[in-house]
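The values are calculated or read from the model by the stated rules, or taken from the named source; none is laboratory data. Since this is a predicted model, take the numbers as computed values, not measurements. Using ideal geometry, Cβ is built from the backbone for each residue, glycine included, and neighbour counts are taken over all protein chains shown. Areas reflect the complete protein model, heavy atoms only, side chains present, ligands, DNA and RNA absent. Shrake-Rupley method; radii C 1.70, N 1.55, O 1.52, S 1.80 Å.
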Amino acid sequence: MMLPTRWVKIIKDIWSNPSRSLLVIASIAVGIAAVGMINNAGRIIQRDLYSQYAAGNPARLNIYISGFPKELAKSVAGMREVADAQAVRTLSASLIHSDEKKSDINMNVLADYQDVRINRYNVDEGAAVPGIREILIERISARKLGLKVGDQVIVEIDNQRQYKLTVSGIIHNVYILPMTIFNEAFGYISMETLEWMGEMPYYNRLDIVTAANPGDKDHVLNVGALARDRVIEPAGYQVSGIAIPGIGSSPGDHWAHDQIVGFVLILQIMGVLAVFLSCGIVINTVSALIVQQIKQIGILRSVGAVRSQVAGMYMANVLIFSVLGLIIALPLGLAGATWLSYFAANFLNFDVTIIDLPPSVAFLQIAIGLIMPTCAAAFPILSGTRIPVYNAIYQYGLGTRNKVGWFEKLLSKIRSINPPLTLSLRNTFRKKSRLIFTLVTLTLAGAMFIASFSTRDSLNAQIKQIEHYTVFDASLSIPGGANRSTVLREAMRIPGVTLAEGWSEAVGVFVDASNNESEEFVIVGLPYNSRTIDPVMQQGTWLQGAGLPQIVVNADLVQAKPDIKIGSKVTLKVGDHKRLFEVVGITSKHLYGSRIYMDSDSFTRLTGRQNQVDVVRVIAQPGKPGTPAVQEAIAQQLQERFKNAGLSTAIASTQHNFFKNFTDIFNIILMILMIMAGILAVVGGLGLTGTMSINILERTREIGVLRAVGAANAAVLQVVVVEGLVVSLLSWIFGALASVPVAPALAAVVIYAILETRLNFRYSVEGLFLWLAIVLVIGVFSSLTPAYRAARLRVREVLDYE
Amino acid sequence: MKSNGNNHGNHQLIELKDVTKVYHTPAGDFTALNGVTLSIGSGEFVSIVGKSGSGKTTLINLVTGIDDPTSGEVYVGGTPVHTLKEGEKASWRGSNMGVVFQFFQLLPTLTVLENVMLPMDLSSRFPISEHAERAMALLELVDLADHAHQLPSMLSGGLQQRAAIARALANDPPIIATDEPTGNLDTKSAESVIKLFENLVDQGKTILMVTHDSDLAKRASRLIEIADGKIV
């Protein structure tokens, strides 16, 4: 078949400059692949995670109860408002590794493993039901601990009694918080095994699915209160807590639902940016193509081509780029979606079922892949082909007939610098639309870069602020509580420890004038003059004395219960005890969630617990936590001493480890943000390189003149590189200005996605100046290649250029 | 053979009536042509001579429709070229006018044969199946068939100019307009190009040639001299 000559030209043009063609194809492919990756992965994650989550009938409510028999679950399930209820026994213990290291393990007992109706699990390997002296291990825990079916593990209860269990099955439970994130293993054992381990055979948690409005938080909590008031407490069992499973989730939502939504939102922003930048590179490269071929356009017109034919040729050229970009983007996007889906599956503990490219995502990619480059290229093509034949053939390359506007007149007044520098400065502003495009790309990159750093700094500042609430070397929880004097005496016996404090905790509710109860909040009793906390007060004052009816709440609580204000008189209820308090202060947020602080004496009066503490905090040098090694040593001794004293078998934590757990999660998000900022910087650099190349191409004859009048290589290089640096510097200024609104917005989105809270924003001056350094390097490197090309031109060929 | 601009051909193929062209530059207005009236008949071989800046290139650009007059009328084959829009002029040029430039202006990525086929492809005057055969015949006419599949950059200036002439003939236009066709060639190549033009005139083509070479100009059947934008 005979190919029309126009098509031959199009194909040869593409082939004649492979690096330029590859740049356009690659930039289209990257943008479209990003769209495919993000949309498809979002779809796969939501399809598989949420379907697997819903398939196992998730508990909408957990009611924590003092020991009860499984029959109580049947009674609660008989309520009209309850669809189903299931009894669970949970027990915290330690799992001893082969190398003698311990891990926390949450052991669960179900009443009937043959008929699991809520939070159903799947068997990956081995048995579905734990036999006597056997344990089913959740697969994430098994992977992290290196366990397989048939292995034997040692479970230690109360830091004293050790029991050897055989791993009989590896199960998959999508409802628990994975060990990779929360550092606690999970296993199922039978009630017989629990009894064999010396524990009483009772249950302590009810998992509930409500009959109606299972997603309505208030309704679900009301059903919990009804179950407590009508069935559980009348039957003689004490309810210690009613909670929605997850981390601030709505009932029935996956525990990380809000974080997933936030993360997908961040990825969507990245996708839009990627498409935008692809668009920019297409515009830039097609502009370069048009500039380079403007004379050819003139020739085409002189031999009879009408404008639509010429424009059609270049549009066809772009369309070929688009199709080639799509051919790469579709599988690349699918590969990206596969990676992201498996990354999420590993992180959130679900199975990816099918990796496919649904028509909706493919259509979206194809539509954007064809429309975006065509629309982006339309402007340079239409404006390039509009040029009259005479100008295209005889005028192009002079570039001196631009209108002299006020800005040029202003620039012409700058005379005290040397001529090459003046030339660089004036050259920068000669093609304003091109300059604006380059500035927009680099400004966006700069704003995102500074925003990423500001997000990191805001998180770090928040973590730093939390240090005010954790002014200790080590802390140890004392399950069930212990006598304050005993605890403090034991703690003070640890060599080096000069301060020990006992804190108490309870769960309570606010009761209003109509006797309505709020949701539950954690109440902390501590010495009013505690030296292991240095609260950052947002309003009011800290607790002012022992036994005063005062409370201090944190900003999280105010967010959850906006009617709480300084001076509010509130009634708190713990169990059957009620007392009136005055709110005297509001502290900053500190990642613990909602908290009510009161003096230990007030706490005793409210709860009726005499001199009992639940947590001990120790420090060697009050006000100055030690190094991680010092903290670790103190924690080890605290743990040993309390174990030996029979006070606690829990694992002591250090202030350093507390922060490390947070920063590990932050770092994943920040790494993605930094990669995004890096990509933007690279793309911005490519954009600047393209712009500088076009500028040099357009001014080839001027460079010839410069050479003819004696400009050496260094002078030509200087003219070009200084122009690149001026553009960089301008983009930095605009980037800095743009970062003022962009940085807090990004920080707010990211922090809310991670922490479900709004934190104070901190602008990163370090990021601002680091970007200045980067953008100057980009300016130099982006202009070096065109500059060297210009410096290599010989005077004769340059002056012949027409 | 000097002309005062009156018609010497069989009938008026090209007519310029009181044509003026003024270029507006930052340095001020420059009148390239000043009230030129001219008729050229079919089958003439016309040389336009003059000093640099006299307006000869402007004259040929107005005839080819590459540039527009500031005032006056330009008729080519009865077509009022001065009234045509840019796109209409391109289509019209594709069928009626072959243009040969001093610097050949061949498309560098296309072979010589493809360069010659390009105007046919743009005009759709000949069926696509005939393009290659016809282009090859034109290359044979300019004695370039052996170089048909080479890129322009592989040819000497003289051969490139022959290729440009073949391209100008692609759609069999009645007029060939050429601006300094030998300006970039050695004497031998220039001679062969002029012979080619003479052959084309013998075949009935009208040739309009701008040149500063008075010896070559004398080879034309008619000579028009321009000075300061006027025919003298």
Report summary line: When every residue in the stretch A:1-10 that is more than 7 Å from chain B (Cβ to nearest Cβ) and touching a residue at least 24 places away in the same chain (Cβ under 8 Å) is compared, the one nearest to A:Gly325 (Cα to Cα) is A:Ile10
**Report entry** From A:Leu398, A:Leu357, residue being at pLDDT 90 or above and either away from chain B (no Cβ under 14 Å) or open to solvent by less than 60 Å² (accessible area, probe 1.4 Å) (or both)
**Finding:** A:Leu357
Report summary line: Just one listed residue, out of A:Ser21, A:Ser75, is part of a helix (DSSP H, G or I), of a type in the set (Gly, Ala, Ser), surrounded by 17 or more Cβ atoms within 10 Å (Cβ to Cβ) and modelled with pLDDT under 90, and it is A:Ser21
Query raised in the report: Which is under 23 Å from A:Gly545 (Cβ atoms), open to solvent by less than 20 Å² (accessible area, probe 1.4 Å) and polar (S, T, N, Q), of A:Thr604, A:Thr587?
Result: A:Thr587
Report task. Would you mention how many residues in the stretch A:179-235 are part of a helix (DSSP H, G or I) and acidic (Asp, Glu)? Result -> 4
Query raised in the report: Just a yes or no: is a residue in the stretch A:252-270 in the same structural domain as A:Tyr202 (by TED's automatic domain parsing), in contact (Cβ under 8 Å) with a residue 40 or more places away in the chain and surrounded by fewer than 19 Cβ atoms within 10 Å (Cβ to Cβ)?
Result: no
Query raised in the report: Looking at the stretch A:183-205, is at least one residue β-branched (Val, Ile, Thr), open to solvent by 60 Å² or more (accessible area, probe 1.4 Å) and under 36 Å from the mean Cα position of the chain (by Cα)?
Result: no
Report summary line: Among strands (runs of 3 or more DSSP E) entirely inside the stretch A:455-531, those with 2 or more residues being open to solvent by less than 50 Å² (accessible area, probe 1.4 Å) and under 25 Å from A:Ser94 (Cβ atoms) are A:474-483, A:499-511
Requested in this report: Just one of (1) without any contact (Cβ under 8 Å) to a residue 12 or more places away in the chain; (2) closer than 30 Å to A:Ile63 by Cβ; (3) of a type outside the set (D, E, K, R); (4) crowded, with 19+ Cβ neighbours inside 10 Å trips up A:Val306, so point out which.
Outcome: (2)
Report summary line: Among the residues of the stretch B:87-112, the number that are in a helix (DSSP H, G or I), open to solvent by 20 Å² or more (accessible area, probe 1.4 Å) and more than 23 Å from B:Val210 (Cα to Cα) is 3
Report summary line: Checked against (1) at negative phi; (2) modelled with pLDDT under 90, A:Ser475 satisfies every condition except (2)
Query raised in the report: surrounded by 14 or more Cβ atoms within 10 Å (Cβ to Cβ) and touching a His at 6+ places or on another chain (Cβ under 6 Å) - does that describe any residue in the stretch A:535-556?
Result: yes
Report task. Evaluate the stretch A:35-49: report whether one residue or more is under 30 Å from A:Tyr203 (Cα atoms) and open to solvent by less than 20 Å² (accessible area, probe 1.4 Å). Result -> yes
Requested in this report: Check B:Ala166 against each of (1) more than 26 Å from A:Ile387 (Cβ to Cβ); (2) surrounded by 24 or more Cβ atoms within 10 Å (Cβ to Cβ); (3) at the interface with chain A (Cβ under 10 Å from one of its Cβ atoms) and name the one condition it does not meet.
Outcome: (3)
Report summary line: How many residues of the stretch B:75-96 are among the aromatic types (Phe, Trp, Tyr) and either away from chain A (no Cβ under 13 Å) or over 16 Å from the mean Cα position of the chain (by Cα) (or both)? The answer is 1
Query raised in the report: Being open to solvent by less than 50 Å² (accessible area, probe 1.4 Å), within 14 Å of chain B (Cβ to nearest Cβ) and not basic (Lys, Arg), is that true of even one residue in the stretch A:325-339?
Result: no
Query raised in the report: Which of (1) more than 20 Å from the chain's Cα centre (by Cα); (2) within 13 Å of chain A (Cβ to nearest Cβ) does B:Gly72 not meet, given it meets every other one?
Result: (2)
Query raised in the report: In the stretch B:48-65, which residue that is of a type in the set (Ser, Thr, Tyr) and more than 13 Å from B:Ile176 (Cβ to Cβ) is most open to solvent (accessible area, probe 1.4 Å)?
Result: B:Ser52
Query - Residue in the stretch B:141-156 that is more than 14 Å from chain A (Cβ to nearest Cβ), out of contact with any strand residue (DSSP E or B) (no Cβ under 7 Å at 6 or more places or on another chain) and either among the basic types (Lys, Arg) or open to solvent by less than 10 Å² (accessible area, probe 1.4 Å) (or both) present - result: yes
Query raised in the report: Can you find even one residue in the stretch B:119-133 that is facing chain A (nearest Cβ under 7 Å), open to solvent by 10 Å² or more (accessible area, probe 1.4 Å), closer than 22 Å to B:Asn184 by Cα and of a type outside the set (Phe, Trp, Tyr)?
Result: no
Report summary line: Log entry, pairs with first residue in the stretch A:100-129 being at positive phi, second being in a strand (DSSP E or B), beta carbons closer than 7 Å, six or more apart or on different chains, reads A:Asn119/A:Asp207; A:Gly126/A:Ser168; A:Gly126/A:Gly169; A:Gly126/A:Ile170
Query raised in the report: Could you list, in sequence order, the residues of the stretch B:193-214 that are open to solvent by 30 Å² or more (accessible area, probe 1.4 Å) and at pLDDT below 85?
Result: B:His212, B:Asp213, B:Ser214
